[in-house]
1. Tell me yes or no: at least one residue of segment 280-291 is outside any strand (DSSP E or B) and open to solvent by less than 10 Å² (accessible area, probe 1.4 Å).
2. So which residues in segment 293-309 are more than 20 Å from F374 (Cα to Cα) and open to solvent by 10 Å² or more (accessible area, probe 1.4 Å), if there are any at all?
3. Output the number of residues of segment 448-474 satisfying the condition of being within 21 Å of D391 (Cβ to Cβ) and either of a type in the set (S, T, Y) or assigned to a loop (DSSP other than H, G, I, E, B) (or both).
4. Scan segment 364-383 for residues that are assigned to a strand (DSSP E or B) and among the hydroxyl-bearing types (S, T, Y) and jot them down.
5. Can you find a residue that is over 24 Å from A192 (Cβ atoms), open to solvent by less than 10 Å² (accessible area, probe 1.4 Å) and among the acidic types (D, E) anywhere in segment 320-339?
6. Which members of segment 435-446 meet the condition of being surrounded by 15 or more Cβ atoms within 10 Å (Cβ to Cβ) and part of a strand (DSSP E or B)?
7. Take T259 and decide whether it is more than 17 Å from the chain's Cα centre (by Cα), free of Cβ contacts under 8 Å to residues at least 40 places away in the same chain and in a loop (DSSP other than H, G, I, E, B).
8. Have a look at A353, A313, A368 and point out the one that is open to solvent by 10 Å² or more (accessible area, probe 1.4 Å) and of a type in the set (G, A, S).
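The values are calculated or read from the model by the stated rules, or taken from the named source; none is laboratory data. Every value quoted in this text rests on a predicted model; they were computed, and no experiment measured them. Here the Cβ is made from the backbone with ideal geometry for all residues, glycine too, and neighbour counts use every protein chain on show. Heavy atoms of the whole protein, side chains included, go into the accessibility calculation; ligands, DNA and RNA do not. Shrake-Rupley method; radii C 1.70, N 1.55, O 1.52, S 1.80 Å.
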Amino acid sequence: MTAKTTGLAARCCAFLLTGGLLAMLSPSPAAAAVPEHTTAEAGNPFVDGWYADPDIALYDGAYWVFPTTSRPYDQQTHLDAFSSTDLVHWTKHGEVLAKEDISWAERAMWAPAPIERNGKYYLYFAANDIQSDSQPGGIGVAVADRPEGPYEDAIGRPLISAFHNGAQPIDQDVFIDDDGQAYMYYGGWGHANVVKLNPDMTSLGTFADGSTYKEITPADYVEGPQMFKRGGKYYLMWSEGGWTGPDYSVSYAISDSPTGPFEKIDKVLAQDPAVAKGSGHNSVVNVPGTDIWYIFYHRRPLGETDGNHRQLAYDRMHFRTDGTIRRIEMKVRDNFADGNALGWKTYGGSWAATGGRYRAGRSLGGKALLDTNFADFTYDADVTPASGRGDAGLVFRASRPGTGVDSYTGYYAGIGPDGKVVLGRVNDSWTPLGTARASVTPGSAHRLRVTAVGSSIKVYVDDLTTPEISVTDDTYRSGANGVRVFDNAASFDDVAISPAS
């Protein structure tokens with residue numbers, strides 16, 4: 001045994017007798033939990049306000065989302081950012097870049113694309129919405145020493161200021177390959193280009209043939225390209241349809257090269273008439289060290305007609321064994337772990353999202369609804385009624401909501417602290433459809449489930465295999481989902497609504 005090995009052995013023994021023993025006696029700090037969710041479990045939208053075109057980056061263990069501020073065009077004059085370590089709790093960083101910081105920006109700024117290199121944080125953006133080469137504007141680049149900025153113009157002019165191959169210089173995405181080569185994918189007006197970025201990230205390189213702009217437009221491409229790499233393959237995603245219409249959607253292609261060719265495989269994200277419309281302009285993130293992927297995108301609530309009323313959402317993205325992407329399901333979930341109730345609209349009563357629950361004070365018919373329009377579904381929630389009179393539960397297939405005891409049309413299933421289970425039809429008045437008895441403990445959570453398929457409506461309490469109430473009624477066939485109290489206070493948690501299988 002050499003002296004070096006002997007010293008190592010001695011140090012190992014010392015560790016076992018001291019540090020190793022201390023480690024067994026003293027718990028080590030818990031590692032950060034891997035954010036493995038089926039969707040935004042605490043609810044979509046995951047941040048407050050009208051935003052669009054989210055691009056996501058991972059900086060030092062934190063997820064950073066940079067979106068467009070979705071306002072009337074000439075009011076889109078600044079960019080905000082949001083950060084999170086768990087994809088649940090989000091911190092807003094206001095005005096990381098503003099029009100005043102860019103000397104050549106005259107109108108809107110939108111579609112930011114973040115990336116880090118060599119300790120610098122770059123933010124690429126579109127400005128001015130140029131319609132021809134004679135107008136000033138295009139794609140710019142700002143730089144900062146921190147993810148939250150402040151960002152400042154890196155070159156004092158647009159990086160790309162003209163149309164090439166018919167592509168309007170907008171909607172850029174930046175990708176750094178495993179060999180260190182950076183690429184920018186961009187383009188509107190139905191054309192997509194890819195360019196090389198030099199190591200300084202503020203100038204353009206050339207391809208082997210001497211060209212700078214390489215067209216890669218796939219079938220049905222409109223705008224919003226996004227590039228990522230998985231399993232050695234290059235995935236190009238893009239948006240189709242009109243950005244103000246319900247047909248806005250996302251498709252993708254796979255290639256062996258970052259420059260294509262890219263042949264369309266499928267549409268993977270589109271509107272769901274039960275959940276949201278106009279879903280598109282996405283980005284993608286992979287949780288490091290896992291095969292967990294999320295797609296971030298914007299969408300428009302069903303009840304909104306203003307083209308700028310867009311919200312940020314994310315859902316889980318799954319791959320088949322051959323590497324193709326399964327269709328994205330826009331799930332409806334809310335466990336209120338983020339301490340808010342974004343997406344819920346209240347009608348009477350007092351409501352607050354605190355302590356990981358949605359809490360309602362005692363009222364005669366206070367309700368909160370999601371902007372959904374499910375016909376056939378399974379609707380689950382944990383309902384905790386307070387002691388006293390009345391009941392609390394789930395509203396479904398609802399429309400025409402207002403403030404008042406029975407100010408809506410639709411159905412309601414509730415449980416009371418006395419163990420009574422009720423199901424009724426509502427049309428500004430109450431029509432009982434069924435009652436039952438169940439074991440209900442005031443102050444304890446009970447899983448309440450409603451399944452509705454056609455005219456069949458079933459209500460379950462805790463036992464999700466045998467319904468407490470089963471009726472047939474086809475008065476209302478679709479509508480919004482929500483929660484309600486009647487002459488009682490209650491809390492609600494782990495809301496989940498899914499299409500009926």
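1. There is at least one residue in segment 280-291 that is outside any strand (DSSP E or B) and open to solvent by less than 10 Å² (accessible area, probe 1.4 Å).
2. W293, D306, G307, N308, H309
3. Final tally of qualifying residues: 10.
4. Within segment 364-383, T378, Y379 meet the criteria.
5. Yes: segment 320-339 contains one or more residues that are over 24 Å from A192 (Cβ atoms), open to solvent by less than 10 Å² (accessible area, probe 1.4 Å) and among the acidic types (D, E).
6. Those that are surrounded by 15 or more Cβ atoms within 10 Å (Cβ to Cβ) and part of a strand (DSSP E or B): A436, H446.
7. no
8. A353
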